[in-house]
Amino acid sequence: MKVDYIIVGDGYGALFFAHQLIKHQKTFVLFSEAQKSASQISAGIINPVVLKKFTTFWLAAEQIAFLSKTLKEIENITGKNYQIFENIRRIFHDEKEKELWLSKSDSKELAPFLSKNFQNLDTVRNPFGTGNVENSARLNVEDFFTDLNSYLQKKGHLKAEKFDYAELHGLSYKEITCKSIVFCEGMGALHNPFFKDIPVIPNKGHHLKVKLSVKPENAFTIKKKHFLFPLKNGLHYYGGTYDPVGREHEVDDFATQQLIDGLSEFYPHPFEVVEVNYGFRPTVKDRRPILGSHPEFPNYFIFNGLGARGILNGCFFADELFQHIENGKALMPEVDLKRFENPKFIRL
Ligand SMILES: Cc1cc2nc3c(=O)[nH]c(=O)nc-3n(C[C@H](O)[C@H](O)[C@H](O)COP(=O)(O)OP(=O)(O)OC[C@H]3O[C@@H](n4cnc5c(N)ncnc54)[C@H](O)[C@@H]3O)c2cc1C
């Protein structure tokens, strides 16, 4: 079997890259070991604002616009738009925070995102009110992965198996030959003999699925320490935590308690924890994704380091990587693997 591409992985990086291939009529197979990792357990929040300091981030507006455009293209493939147009309402901790929000909302960068129209919510504790993040939204994570995976399967793109690096010889893998391989394994890259030394650091995150006794009355995402929003089965999602040192592949009691305490802080009614899940965000010290080709094997590409913003980074940089591979467009230096001059990051 001859294809243009092999994709290894099945998270945001892999699926947004697969979308580029579908859009440009390239042939490919995608390897999925079908484990629920960071992408599948993510909250799906699409947020242009850093909600601790009320700042925005590199390429936020461009990424938001590009995501909307891409999700419309994906809608043409699966018949569904996965963007849920419900804004984030940030609960203020005190008057000082409100003042900070107001002063930031005057800046050119933040004016499109920080509404000056403060509101009070009924079902939760919010003595200082809430601020609305304009242009924020959510991805319907469950349907996005379910539908795209079934599309890939139907079209014969999906290989539901773990990619075995020992079987890769040049551009041949078992019965498949390809022109390029794109590795999108998230923290799984640590097992990839070609890219295992890229400087991605796992950041373990947990979320809860909870049954609320009194449901918030309107359609939005509530944020204090973490995000709270409704799922389609009547439960609510609450998460996620950040733990840069946890490495164990098991639910952590401390993180679970952190979430229960975080929710209890503003939700005054009884609730039941129905499920706890965790995943590992692939983060990079400079908070930029990592894209580029292997110095010895120019047709092996890495697409990783999506960090806490897997949706925006995955969508935007899938296109950057595709344009780089197919049209020779130079990678932005901020995301280029080559920024890590130290050769120890790449070991053969
Ligand atoms: C609790 C939590 C909440 C989050 N919330 C948000 C959010 O609201 N918004 C947001 O934008 N981001 C969020 N994130 C971050 C986001 O999930 C990550 O940035 C993103 O998932 C990284 O995507 P990825 O495709 O690089 O890696 P992953 O999601 O880890 O996917 C890689 C996949 O590759 C597979 N794989 C690896 N090796 C192989 C192999 N050899 N063969 C076959 N398959 C392989 C793995 O099984 C895995 O499924 C959250 C993360 C966590 C943990």
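Taking the listed residues Leu121, Leu110, the one that is touching a helix residue (DSSP H, G or I) at 6+ places or on another chain (Cβ under 6 Å) and either closer than 17 Å to Lys223 by Cβ or at pLDDT 95 or above (or both) is Leu110, with no other qualifying.
For region 98-148, a residue qualifies if it is within 16 Å of the ligand (Cβ to nearest atom) and without any contact (Cβ under 8 Å) to a residue 60 or more places away in the chain, and exactly one does: Thr146.
Scanning region 228-245 for residues being in contact with a Gly (Cβ under 8 Å, 6 or more places away or on another chain), surrounded by fewer than 21 Cβ atoms within 10 Å (Cβ to Cβ) and not acidic (Asp, Glu) gives a total of 1. Flag: Tyr278 does not match the condition of being farther than 27 Å from Val49 by Cβ and touching a His at 6+ places or on another chain (Cβ under 6 Å). Restricting region 195-220 to residues that are outside any loop (DSSP other than H, G, I, E, B) and aliphatic (A, V, I, L, M) leaves a set whose member that is nearest to Thr256 (Cα to Cα) is Leu208. Listed here are the helices (runs of 4 or more DSSP H) enclosed by region 1-93 that have at least 2 residues being among the polar types (S, T, N, Q) and within 14 Å of the ligand (Cβ to nearest atom): 38-41, 60-78. Taking the criterion of being in contact (Cβ under 8 Å) with a residue 60 or more places away in the chain, under 21 Å from Leu231 (Cβ atoms), outside any helix (DSSP H, G or I) and within 16 Å of the ligand (Cβ to nearest atom), would at least one residue in region 281-289 satisfy it? Yes, the conditions are met somewhere in region 281-289. Collect the residues in region 217-243 that are more than 12 Å from the ligand (Cβ to nearest atom) and in contact with a Lys or Arg (Cβ under 9 Å, 6 or more places away or on another chain), keeping them in residue-number order. Within region 217-243, Asn218, Phe220, Ile222, Lys224, Pro230, Leu231, Asn233, Gly234, Leu235, His236 meet the criteria. Among the conditions (1) more than 12 Å from the ligand (Cβ to nearest atom); (2) within 30 Å of Val273 (Cβ to Cβ); (3) at pLDDT 95 or above; (4) not in a strand (DSSP E or B), the only one that Tyr151 does not satisfy is (2). Does Ser264 meet the test of being buried (at least 18 other Cβ atoms within 10 Å of the Cβ) and among the polar types (S, T, N, Q)? So Ser264 does not fit the description; no. Please indicate, with yes or no, whether at least one residue in region 292-302 is more than 10 Å from the ligand (Cβ to nearest atom) and touching a Lys or Arg at 6+ places or on another chain (Cβ under 8 Å). Checked against the condition, which is being more than 10 Å from the ligand (Cβ to nearest atom) and touching a Lys or Arg at 6+ places or on another chain (Cβ under 8 Å), region 292-302 yields at least one hit. Of all residues in region 166-194, those satisfying the criterion of being under 25 Å from the mean Cα position of the chain (by Cα) and outside any strand (DSSP E or B) are Cys184, Glu185, Gly186, Met187, Gly188, Ala189, Leu190, His191, Asn192, Pro193, Phe194. Candidates in region 319-338 are the residues that are in a helix (DSSP H, G or I) and more than 16 Å from the ligand (Cβ to nearest atom); of these, the one that is farthest from the chain's Cα centre (by Cα) is Asn327. Among all residues of region 121-128, there is none that is surrounded by 15 or more Cβ atoms within 10 Å (Cβ to Cβ) and closer than 27 Å to Cys315 by Cα. Right, Val273: more than 10 Å from the ligand (Cβ to nearest atom) and either crowded, with 21+ Cβ neighbours inside 10 Å or part of a strand (DSSP E or B) (or both) or not? Against the criterion (more than 10 Å from the ligand (Cβ to nearest atom) and either crowded, with 21+ Cβ neighbours inside 10 Å or part of a strand (DSSP E or B) (or both)), Val273 qualifies. Restricting the first member to region 51-70 and to residues that are more than 22 Å from Lys225 (Cβ to Cβ), and the second to residues that are among the polar types (S, T, N, Q), the beta-carbon pairs closer than 8 Å and six or more apart or on different chains are Gln63/Asn313; Ile64/Asn135; Leu67/Gln83; Ser68/Gln83. Name, by its number, the condition in (1) buried (at least 21 other Cβ atoms within 10 Å of the Cβ); (2) within 9 Å of the ligand (Cβ to nearest atom); (3) of a type outside the set (Asp, Glu) that does not hold for Phe316. Unmet for Phe316, out of (1) buried (at least 21 other Cβ atoms within 10 Å of the Cβ); (2) within 9 Å of the ligand (Cβ to nearest atom); (3) of a type outside the set (Asp, Glu): (2). Of Phe54, Phe28, Phe16, which residue is surrounded by 14 or more Cβ atoms within 10 Å (Cβ to Cβ), of a type in the set (Phe, Trp, Tyr) and on the phi > 0 side of the Ramachandran plot? Result of the check over Phe54, Phe28, Phe16: Phe54. Of all residues in region 287-309, those satisfying the criterion of being surrounded by fewer than 23 Cβ atoms within 10 Å (Cβ to Cβ) and within 9 Å of the chain's Cα centre (by Cα) are Gly307, Ala308, Arg309. Has region 74-82 got at least one residue that is at pLDDT below 95 and among the hydrophobic types (A, V, I, L, M, F, W, C)? No: zero hits.
The values are calculated or read from the model by the stated rules, or taken from the named source; none is laboratory data. Bear in mind the structure is a predicted one, so any value in this text is a computation, not a measurement. No Cβ is skipped: glycine too gets one built from the backbone with ideal geometry, and neighbour counts run over all protein chains shown.
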